[in-house]
Amino acid sequence: MQDTDTNIGFKPLYAQVKDQLIRRLVDGTWQPGTNIPSEQDLARELKVSQGTVRKALDAMTAESLLVRQQGRGTFVAEPEDSRILFQFFRLSSDKRTDDKGFPESRLLCWSQEPATAQEAEALAISPDDTVWRIERVRMIAGRSILAETITIPSAIYPGFGELSEIPNNIYRLYSTRWGITIAKADEKLKAILCDARDSAELGCGVGEPLLLITRIARDLEGNAVELRSSRCLTDAMHYKVSLP
């Protein structure tokens with residue numbers, strides 16, 4: 001690889017290096033928890049400067065694909081890593097003194113059904129395809145704060161129906177059982193009114209305001225692998241995000 005800033009497609013060299021390194025995550029060459037080679041070794045292997053490799057690794061670290069550990073090196077992030085968990089959980093308590101806790105889950109039901117038109121469009125699947133639909137309630141400090149519907153394509157999660165249970169950290173399940181790493185997500189926020197079902201699960205009145213968070217989660221190659229609808233109580237919580 002020629003060590004120049006751009007190629008004919010005007011893609012920065014560090015981005016080309018990043019693409020090559022992400023491919024190692026996709027094909028399983030670098031497994032979660034793996035201590036990856038040093039910047040010097042990667043630069044020598046890829047025939048680019050150490051600075052170019054560092055920039056690629058910085059970008060992957062910023063996307064929580066890698067984790068740097070002082071004095072130990074750089075590792076492939078694992079789904080249970082707290083930075084990964086909170087990258088995709090944006091609700092925080094209004095009380096600054098409260099510790100931010102990752103929510104526990106109470107599973108309501110799960111079933112395989114034909115995809116709705118909305119699900120098929122969001123997940124880029126055929127309207128004739130089936131999906132697994134998971135309903136659960138999430139809690140912090142014992143209080144129910146959101147009702148959640150998770151939809152995943154049956155075709156890319158073979159054997160999902162054979163599971164005896166669905167763990168709280170479902171992204172770790174995707175990674176360990178199917179090799180699917182959630183790398184990024186697109187979210188939309190909307191104010192809605194609570195319906196009768198969510199009222200019963202969240203312990204609030206019908207018609208009370210909720211925050212609807214609709215998320216499409218994507219794997220390392222940008223494919224949509226999960227659609228999630230979260231209806232959140234915000235009387236004591238808020239949605240928090242840091243912008244560049």
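The values are calculated or read from the model by the stated rules, or taken from the named source; none is laboratory data. This structure is a prediction, so every number in the text was calculated from the model and none was measured. Cβ: placed from backbone, ideal geometry, glycine included. Neighbour counts: every protein chain shown. SASA here: full protein model, heavy atoms, side chains in, ligands and nucleic acids out. Shrake-Rupley method; radii C 1.70, N 1.55, O 1.52, S 1.80 Å.
Among rounded, prolate and oblate, which fits region 105-168 when a ≥ b ≥ c are the square roots of the eigenvalues of its C-alpha gyration tensor, a/c under 1.5 means rounded, and a/b larger than b/c means prolate?
Oblate.
In what order, largest first, do Met60, Met237 sit by accessible area if the probe radius is 1.4 Å?
Ranked list, largest accessible area first: Met237, Met60.
Please list 3J(HN,Hα) in residue order for region 102-108, calculated via the Karplus relation 6.51 cos²θ - 1.76 cosθ + 1.60 where θ = phi - 60°; whole Hz, with x for glycine and proline.
Computed from phi, the couplings for region 102-108 are 7, x, 8, 10, 10, 6, 9 Hz.
Using +1 on the beta carbon of Lys and Arg, -1 on that of Asp and Glu, and nothing else charged, what's the dipole of the chain about the Cα centre, debye to 20?
720 debye
Amide H to amide H under 5 Å from Ala183: which residues, 5+ apart in sequence or cross-chain, H placed 1.01 Å off N in plane?
Arg218, Asp219, Leu220
Which three lengths, in whole Å and largest first, does region 181-244 cover when its Cα atoms are put on their principal axes?
Computed over region 181-244, the largest-to-smallest principal extents equal 42, 27, 16 Å.
Given the -39500 (n - 2.57) contribution per DSSP H run of 4+ residues, what per-residue ellipticity at 222 nm results for the chain, rounded to the nearest 500 deg cm²/dmol?
That calculation yields -7500 deg cm²/dmol at 222 nm.
Check cross-link reach from Lys188 to the lysines: straight Cα distance under 26 Å, and skip same-chain residues fewer than eight apart.
Hits, sequence-local ones excluded: Lys95, Lys100, Lys240.
Just Arg133, Arg228, Arg72 to compare: in a GNM of the chain, with alpha carbon springs under 10 Å, which one fluctuates most?
Of Arg133, Arg228, Arg72, the Gaussian network model singles out Arg72 as fluctuating most.
Give me a comma-separated list of calculated 3J(HN,Hα) values for region 228-238, in order, Karplus coefficients 6.51, -1.76, 1.60 applied at θ = phi - 60°, integers in Hz, x for any Gly or Pro.
9, 10, 10, 9, 10, 6, 10, 5, 10, 10, 9
Whole percent per 5 Å bin, from 0 to the bin with the longest distance: what is P(r) over all C-alpha pairs of the chain?
Whole-percent P(r) values from 0 Å outward: 1, 6, 12, 15, 16, 15, 13, 9, 7, 4, 2, 1, 0.
Count neighbours as other Cβ atoms within 10 Å of each site's Cβ, and list the GluC sites (Glu not before Pro) in region 132-177 that are DSSP loop with at most 13 such neighbours.
Sparse-neighbourhood loop GluC sites (Glu not before Pro): Glu165.
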